[in-house]
Amino acid sequence: MDTQIDELIKKEEKRQREELQLIPSENYASKNVLAPLSSVLSNKYSEGYIGKRYYQGNTYIDEVENLAIERAKKLFSCNFANVQPLSGTPANISVYLALLKPGDKIMSMNLASGGHLSHGSPVSVVSTLFNIVFYDVSEQTGVLDYDQILEQAKKEKPQLIIAGASAYPRIIDFEKFSQIAKEVGAYLMADIAHIAGLVASELHPSPFPFADVVTTTTHKTLRGPRGGLILWNNQDLSAQINKAVFPGGVQAGPHNNVHAAKAVCFYEAMQPEFKTYTQQVIINAKVLGDELRTHSFNLVSSGTDNHLLLVDLRNKGTGGKTIAQALDKAGIIVNYNMIPYDPSTPFKPSGIRLGTPAVTSRGMVEKDMVKIAGFINQAVENLSDDVELAKIREQVINFTSSFKVPGLDT
Ligand SMILES: *Cc1c(COP(=O)(O)O)cnc(C)c1O
């Protein structure tokens with residue numbers, strides 16, 4: 001046994017048990033999702049697709065991948081799925097390679113407005129392969145302004161429009177995005193990485209039938225293993241998309257152990273208990289937001305429709321990084337984040353982003369959100385007092401100790 005790694009895993013288990021996990025892209029996968037990840041499926045090479053592998057010995061691997069594909073299609077009500085993308089970013093890059101030529105124009109959401117690096121940020125390889133233009137949320141409301149996006153699309157004439165975000169607390173209107181894309185002759189890709197669990201439970205409108213292609217991760221609100229997924233309806237796109245994933249260049253041998261865990265995740269997401277869970281995720285986010293507002297925290301767009309909150313800290317006199325670090329000392333894990341039209345830089349942004357998927361997986365409900373908001377407020381009021389932050393940390397550990405940890409306890 002490698003005791004060094006074993007000890008580190010034990011320490012991380014303790015951390016995940018004790019601290020409040022409020023990063024909106026994180027969750028606790030079940031034991032049944034985690035189990036296949038450490039199975040012998042990890043040993044196998046299976047480049048290619050079902051029945052057309054470049055390696056022998058893939059009888060059962062084919063069956064695993066087939067189950068994952070069939071369940072993904074059923075869960076999201078669409079005709080085609082590729083479960084091989086190793087994560088959200090490779091899934092997105094594969095779609096760009098499938099639909100575009102180098103130099104084509106992508107129109108996507110600005111990072112500061114809530115977009116994702118893989119949508120063409122200047123620091124991403126995507127920006128060297130393609131021509132990127134960004135749309136923003138409205139400066140007044142913090143919400144997407146579809147008329148403005150249409151005007152910009154008419155002017156820019158992109159080949160691909162991306163609808164989807166990592167830090168947008170409101171419903172995304174995929175139908176409006178598809179009207180815009182149609183009007184300018186662009187493909188529409190919906191990236192539902194953050195909201196996949198809500199879409200699967202019909203608590204956020206589905207991107208189907210509006211988007212040409214849908215990408216997602218499986219490890220955020222969907223509560224599966226770390227991984228990516230591509231979904232679409234039109235058979236004419238199948239060959240291009242599959243070829244872009246393999247052998248197109250982003251990856252080669254698929255991770256069969258993860259396919260099995262994805263299949264388990266899709267199965268779990270079809271159960272009635274999952275919808276009960278995602279409903280509570282949304283209720284908890286609303287309550288947490290309302291409580292934070294009573295402690296005079298300002299929320300971008302004044303609230304939330306989904307699982308996350310973006311807090312504008314400019315009235316608190318300190319940046320997001322300082323506050324995220326103080327909260328960390330108090331056992332409260334969030335991430336610092338830009339806010340729309342952030343007057344500061346990505347390294348010293350004016351906001352924090354938090355969400356309820358992980359704490360809801362532990363069984364927390366409305367009254368617990370009131371407590372969490374109280375802890376956050378207490379920590380922010382004692383930003384530079386390490387003794388006080390350590391005291392809050394003790395209270396947090398005491399609080400979390402009464403909740404089970406999926407994957408460890410259940
Ligand atoms: C998280 C996220 C991704 C990327 O996922 P990784 O698995 O981290 O590569 C892509 N798009 C959006 C909108 C995301 O939130």
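Only the coordinates and a few stated rules stand behind these numbers; no lab work does. What you see is a predicted model; the values in this text were computed from it and never measured. Note that we place each Cβ from the backbone using ideal geometry, even for glycine, and neighbour counts take in every protein chain shown.
Beta bridges per DSSP, both residues in the stretch 31-269: antiparallel share near 45 percent.
Where both bridge residues fall in the stretch 161-286, DSSP classifies roughly 45% of the beta bridges as antiparallel.
Paramagnetic label reach from VAL370 (point 7 Å along Cα→Cβ; backbone nitrogen cut-off under 19 Å): within the stretch 292-317, residues 292-297. Each label point was placed 7 Å from the Cα along the Cα-to-Cβ direction; for SER39 and THR3 their separation is 3.3 nm.
Considering only LEU198, PRO247, PHE134, the residue lying farthest towards the positive end of the dipole of the chain is PRO247, judged by Cα position with unit charges set on Cβ. Ranked by the mean number of other Cβ atoms within 10 Å of their residues, highest first, the peptides 195-204, 339-348, 176-185, 371-380 come out as 195-204, 371-380, 176-185, 339-348. Bridges between two residues of the chain, per DSSP, are antiparallel at a rate of about 55%. Extension gain, ALA390-GLU156: 0.36 nm per intervening residue step, less the Cα-Cα distance, totals 79.0 nm.
Among residues other than PRO406 with Cβ under 12 Å from its Cβ, the summed charge is +2 (Lys and Arg +1, Asp and Glu -1).
The GNM of the chain, with springs linking C-alpha atoms under 10 angstrom apart, assigns the highest mean-square fluctuation among PRO254, PRO357, PRO85 to PRO254.
For the residue pairs LYS154/LYS176; LYS31/LYS262; LYS286/LYS371; LYS176/LYS286; LYS101/LYS243; LYS74/LYS182, the alpha carbons lie more than 18 Å apart in LYS176/LYS286; LYS74/LYS182. Summing Cβ point charges (Lys, Arg +1; Asp, Glu -1) relative to the Cα centre of the chain gives a dipole of roughly 420 debye. Other residues whose C-beta falls under 15 angstrom from the C-beta of TYR267 contribute a net charge of +2, scoring Lys and Arg +1 and Asp and Glu -1. Counting every alpha-carbon pair across the chain, the share separated by more than 30 Å comes to 42%. Of the residues GLN395, ALA373, GLN235, the one whose Cα sits farthest towards the positive end of the charge dipole of the chain is GLN235 (charges of +1 on Lys and Arg Cβ, -1 on Asp and Glu Cβ, taken about the Cα centre). The modelled label-to-label distance for the pair ARG314/ASN32, using points 7 Å beyond Cα in the direction of Cβ, is 4.8 nm. The alpha-carbon positions of the stretch 140-293 define a convex hull whose volume is 133 Å³ per residue.
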